[in-house]
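The values are calculated or read from the model by the stated rules, or taken from the named source; none is laboratory data. In this text, all values refer to a predicted model and were calculated from it rather than measured experimentally. Counting neighbours? That spans all protein chains shown, and the Cβs are built from the backbone with ideal geometry, glycine included.
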Amino acid sequence: MRARAREPLDPVGWLALPAVAYLLFIYALPLLLLLAHAVMGPQGFTLAPLAAFFADPFNWQVIANTLRIAALVTLVCLVIGYPTAFALAWSAGWTQVILLAAIILPLSVGVVVKAFAWQIVLRRDGVLSSAMMKLGLWDEPLRLLFTETGLVLGAANVFLPFMILPIYSVVKLIDPRLNEAGATLGATPVYRFRRVVLPLTLPGVVTGVVFVFSLSIAMYVIPSLLIGDRFQTLATLIGRSFLFMRNEQLGSTTATVLLVLAVAVVVGSGVLARRLGRSA
Amino acid sequence: MSDFLVITRAAKSFAGARVLDGVDLGVKRGEFVSLLGPSGCGKTTLLRIVAGLLAPDAGTVRLDGEDITARPPHRRDVGVVFQNYALFPHLTVAENVAFGLAARRAPRERIRATVARFLDLVHMQDFADRSVRALSGGQQQRVAVARALAVGPKLLLLDEPFSALDRKLRETMQIELKRLLRELSTTAVFVTHDQDEALMMSDRIAVISRGAIEQLADPATIYHRPATPFVLGFVGLSTRISGSVIEAHEGQVVLSTPHGRLRASGSLPPGAKAFVAVRPERIEVAPTAGKGNQIELPLRDVVFQGSKVQLHFDVAEGDRVIVEAAQLPNLRIEPGARLRLSFAAADAIAFQSESS
C-alpha cells in the first residue's frame with residue numbers, strides 16, 4: 001500500500017469507478033446525512049449532543065463494553081485462526097478441500113440461525129454445560145447464554161473465517177525453503193518462527209484483525225440474541241435510539257462515536273503493524 | 001575411514017518409488033565434490049538428507065566423526081545455498097548474512113565484523129542496507145553464499161546455485177565461488193545437472209543415475225575413462241561404433257566392425273556385442289601417419305562452433321562418429337567427401353552393448 005501511494009495516478013484506477021459511484025450514493029451520502037444529525041441542532045451547528053453523550057457515565061460504560069467485546073472477539077479469532085490458516089495453506093488434496101469447506105460453508109448460514117444454535121449450546125442445560133460437567137471441569141451447570149463469555153465465543157465463531165482467510169492468503173505465498181534456510185543457518189524452530197514466519201505473516205494478521213475488529217465493533221444481531229438488553233454496546237444503543245426511543249440525535253451521535261473509534265483502531269493497528277514489521 | 005563426510009547405504013523412497021538406492025559416498029576435508037546427474041536421479045534427495053531436511057529410510061550420515069543422521073538441521077553445522085537462494089525477503093542484505101550468527105547468539109560486535117567480512121568477500125559491501133528484493137540474480141546468489149558461509153559451517157551444500165543465471169554471468173560466478181571456497185578451505189558438495197559446471201569446478205565428481213552412483217572420480221577420469229555407458233553418454237560427446245569382440249587379452253580388445261577392425265581398451269569376452277567409444281577431440285582427420293585405428297567415412301555435416309569445428313559422419317543406424325578439431329584440416333572438404341580418420345587404441349574404450 002505504501003509503495004502504491006507514491007506512484008502517479010494509474011489509469012487502471014478508473015476500473016473502480018462503478019464501485020466508487022455505488023458506494024458514494026448508497027453508503028457515503030446517506031451516512032453523512034445521518035451523521036450530520038449529530039452536529040446539527042435547530043439553531044445550526046452544535047457540539048451539544050456530543051458533549052451530552054460524553055457527560056453521561058452510562059455511555060462511557062457502553063464504549064468500554066464495545067471495545068472490550070470487540071478486542072476479545074478479535075483475540076479469540078486470532079488465537080484460533082492463526083494456526084488454522086497454516087493448516088489450510090500447508091495441507092494438500094482432500095484435507096485442504098475439507099478444511100476450506102469447513103471454513104467457508106458456515107458463512108452461508110445466517111447470523112440469526114447461528115445465534116439461535118448457540119443458544120442451544122450455551123444454555124444452563126445446554127451441550128457445553130453438560131460436556132464440562134461430564135469432564136469434571138465444572139462442579140455445577142453454568143449458563144453461558146446472556147454472559148459476555150457466551151457473546152465473545154458466539155461472535156468469534158461467526159467472524160473466524162474473516163481472520164483465517166487473509167492470514168491463509170499470505171502463508172500460502174511464503175516459500176517453504178525460507179524455513180529450511182533458517183534451519184540450516186542454525187536457527188531453532190522458535191527463532192525461525194519469530195524472525196521469519198511471523199514477520200512475513202504480519203500483513204495477513206493485520207488484515208484479519210482489522211476485518212474482525214470492524215465487524216465485531218459494529219455487530220448488532222449477535223449481541224441482541226446472545227446477551228440481550230441488559231448489556232449495551234454502541235451498536236445496540238444506536239438501534240435502541242432509532243427503533244425504540246425514536247431519538248435520532250442520540251442515534252446519530254452514538255453512530256459518530258462508533259465510526260470514529262472504529263476508524264481510529266483500524267488506522268492505529270495498521271501503523272503499529274508497519275512499525276512492528278520494520279523492527280522485526 | 002578418514003573421510004570428513006561419510007554417507008553409508010543411504011536409501012529413500014517416495015510413495016513406493018525408490019529415489020536413492022543405498023548410496024555410499026565419502027568426501028575429504030576441504031574437497032569439492034559434485035553430484036552430477038539428470039533431473040530425478042536422486043542427487044537433490046541425497047543433498048537434503050545430508051542437510052537434515054529429509055530423513056533417510058535407511059543408512060547413516062557421519063560428519064567430522066559424528067553420526068548426525070538423527071540430528072535436526074539447525075544442530076548440524078551444514079550450510080545450504082538453495083537453488084532459488086531462499087533469501088529472507090523482509091530483511092536487508094546485511095540482516096540476511098547476519099541471520100545465522102544472530103540465531104546462534106553471537107555478540108553484536110562479532111556479528112557486525114563477520115557480516116562486513118563476508119559481504120566484502122562476495123563484493124556486496126555496497127549493498128549491505130539494500131532490501132534483497134531489489135537485487136539481481138547474481139547479487140542474490142552472492143548474498144546466499146555469504147549468508148551460508150558467515151556461520152562457518154563444517155560443510156557447504158550447493159543445490160544448483162547457478163541454474164537461474166545467464167550463461168556469461170554463470171561462468172564468472174563459478175570461478176569466483178571456486179576461488180572463495182578454496183580460500184576458506186570449505187568442504188563442499190555441489191548438486192548439478194550441468195556437466196560443464198561439474199567438470200570445471202570439482203575435485204571429484206559423483207555421476208548419479210537412478211538413485212545410485214555410477215562413477216566417483218576426478219573430472220579428467222570421468223571424461224577420459226568413463227566407467228559405464230551412462231557416464232560416457234551423460235558427460236561430453238562421444239563417437240560410437242558397434243561391432244563384436246573377436247580378440248581379448250590384458251585389458252585390450254579387438255572388435256570387428258563394419259569399418260574394419262578396431263582396437264580398444266576394455267575387458268570383454270570374445271563374441272560379446274560391443275561398441276567402441278572415443279571422445280571427438282581424440283580423433284584425427286587425414287593423418288599423414290596412422291596411429292592405431294583407421295577408418296574411412298563420408299562426411300555429412302560441418303558445424304562451426306567458434307573456437308572449434310565439429311565434423312559429423314555418415315554411419316550405420318545407432319552409431320555416430322563426431323570429430324572435433326581446432327580448425328578445418330588444410331583441404332577443401334564438403335559434405336559427401338570421404339575422409340580418413342584415426343585414433344589411438346588407448347583413447348578408445350569398448351563397452352558392452354546395452355541391448356545384448
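Table for the structure above
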{"item": "Selection status of B:Ala102, on the phi < 0 side of the Ramachandran plot, within 14 Å of chain A (Cβ to nearest Cβ), in a helix (DSSP H, G or I) and surrounded by 15 or more Cβ atoms within 10 Å (Cβ to Cβ)", "result": "yes"}
{"item": "Set B:Gln195, B:Gln174, B:Gln215: member being of a type in the set (S, T, N, Q) and touching a residue at least 60 places away in the same chain (Cβ under 8 Å)", "result": "B:Gln195"}
{"item": "Lone qualifier among B:Arg133, B:Arg179, B:Arg147 - being assigned to a helix (DSSP H, G or I), modelled with pLDDT of 95 or more and assigned by TED's automatic domain parsing to the domain that holds B:Leu46", "result": "B:Arg147"}
{"item": "Filtered residues of region A:175-199 (kept if within 9 Å of another protein chain (Cβ to nearest Cβ), surrounded by fewer than 21 Cβ atoms within 10 Å (Cβ to Cβ) and either acidic (Asp, Glu) or in contact with a Leu (Cβ under 9 Å, 6 or more places away or on another chain) (or both))", "result": "A:Asp175, A:Leu178, A:Glu180, A:Arg195, A:Pro199"}
{"item": "Residue that is modelled with the lowest pLDDT [pool: residues in region B:1-58 that are of a type in the set (Ser, Thr, Tyr) and more than 23 Å from B:Lys178 (Cβ to Cβ)]", "result": "B:Ser2"}
{"item": "Residue check for A:Gly268: small (Gly, Ala, Ser), closer than 19 Å to A:Val112 by Cα and not in a loop (DSSP other than H, G, I, E, B)", "result": "no"}
{"item": "Criterion: of a type outside the set (Phe, Trp, Tyr) and within 14 Å of chain B (Cβ to nearest Cβ) - qualifying residue of A:Val152, A:Val158, A:Val170", "result": "A:Val170"}
{"item": "Filtered residues of region B:273-292 (kept if modelled with pLDDT under 90 and in a strand (DSSP E or B))", "result": "B:Glu284, B:Val285"}
{"item": "Qualifying residue in region B:73-92 (condition: out of contact with any Lys or Arg (no Cβ under 6 Å at 6 or more places or on another chain), more than 8 Å from every other protein chain (Cβ to nearest Cβ) and among the basic types (Lys, Arg))", "result": "no"}
{"item": "Those residues of region B:73-93 which are within 17 Å of A:Gly186 (Cα to Cα) and outside any loop (DSSP other than H, G, I, E, B), in sequence order", "result": "B:Pro73, B:His74, B:Arg75, B:Val78, B:Gly79, B:Val80, B:Val81"}
{"item": "Unmet criterion (only one of (1) farther than 21 Å from B:Ala102 by Cα; (2) away from every other protein chain (no Cβ under 13 Å)) for B:Arg130", "result": "(1)"}
{"item": "Set B:Arg9, B:Arg62, B:Arg29: member being more than 30 Å from A:Arg195 (Cβ to Cβ), more than 14 Å from chain A (Cβ to nearest Cβ) and in contact with a Gly (Cβ under 6 Å, 6 or more places away or on another chain)", "result": "B:Arg9"}
{"item": "Condition check for A:Arg124: more than 26 Å from B:Gly79 (Cβ to Cβ), more than 14 Å from every other protein chain (Cβ to nearest Cβ), without any contact (Cβ under 8 Å) to a residue 40 or more places away in the chain and of a type in the set (Lys, Arg)", "result": "yes"}
{"item": "Exclusive hit being of a type in the set (Phe, Trp, Tyr), under 30 Å from the mean Cα position of the chain (by Cα) and in the same structural domain as B:Leu35 (by TED's automatic domain parsing), set B:Phe127, B:Phe162", "result": "B:Phe162"}
{"item": "Top-ranked residue in region A:229-280 [being without any contact (Cβ under 8 Å) to a residue 24 or more places away in the chain and among the small types (Gly, Ala, Ser); ranked as surrounded by the fewest Cβ atoms within 10 Å (Cβ to Cβ)]", "result": "A:Ser279"}
{"item": "Matching residues, region A:216-228, being within 10 Å of the chain's Cα centre (by Cα) and crowded, with 20+ Cβ neighbours inside 10 Å", "result": "A:Ser216, A:Ile217, A:Met219"}
{"item": "Test: residue in region B:245-252 that is within 27 Å of the chain's Cα centre (by Cα), modelled with pLDDT of 90 or more and not assigned by TED's automatic domain parsing to the domain that holds B:Thr221", "result": "no"}
